[in-house]
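The values are calculated or read from the model by the stated rules, or taken from the named source; none is laboratory data. Predicted model, so just to flag it, every value in this text is computed and none were measured. Glycine gets a Cβ as well: all are built from the backbone with ideal geometry, and neighbour counts include every protein chain shown.
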Amino acid sequence: MALGIVFLALGLIFIYLEFFMPYSVMAMGGIILMFASLAVLFLQKVDVWFFIGFSIIALLLLLFVIQVAFWKIKKGRINLFFKNNQYSEEQIYNEQLVGRQAIAATDISPSGKILIDGRYFSAFSHGGEIKKGKAVEVIGGEETHLIISPFTPNMES
């Protein structure tokens, strides 16, 4: 039974960390560990009511972990573990970035990373493929991604 609880705790931690790390690796590990916790209990032939109670508590804890992660993202209380990684990203769309010029940090087709004031952001392009190093302009945003288009200087005189 202790192994099932350990697997559940590790699974919840992995799922929480996924909200602040890219690539879905932590979420997959967390889901596998949560199912493994149920499998361990099932194989140990625990009482049916204990198994059902454990499953309900696991589901409630999962919902709580997701709620806390969303709350931290919404409040901007994000402590990324990859701060030294050149592609760590800001997680919240900021309306003040609309109209700003940026540089494509990766090839963007249709998504990638852009650099604004030394900070990396996830971005989607509505202007087709944009090569790394090209100038772009932020034209909007949705949740955790900025929407960009290729930058064209204004030639008005």
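Collect the residues in the range 117-137 that are among the acidic types (Asp, Glu) and either more than 29 Å from PHE20 (Cβ to Cβ) or assigned to a loop (DSSP other than H, G, I, E, B) (or both), keeping them in residue-number order.
Within the range 117-137, ASP117, GLU129 qualify.
Name, by its number, the condition in (1) buried (at least 17 other Cβ atoms within 10 Å of the Cβ); (2) modelled with pLDDT under 90; (3) in a strand (DSSP E or B); (4) more than 14 Å from the chain's Cα centre (by Cα) that does not hold for GLY140.
So the condition that GLY140 fails would be (1).
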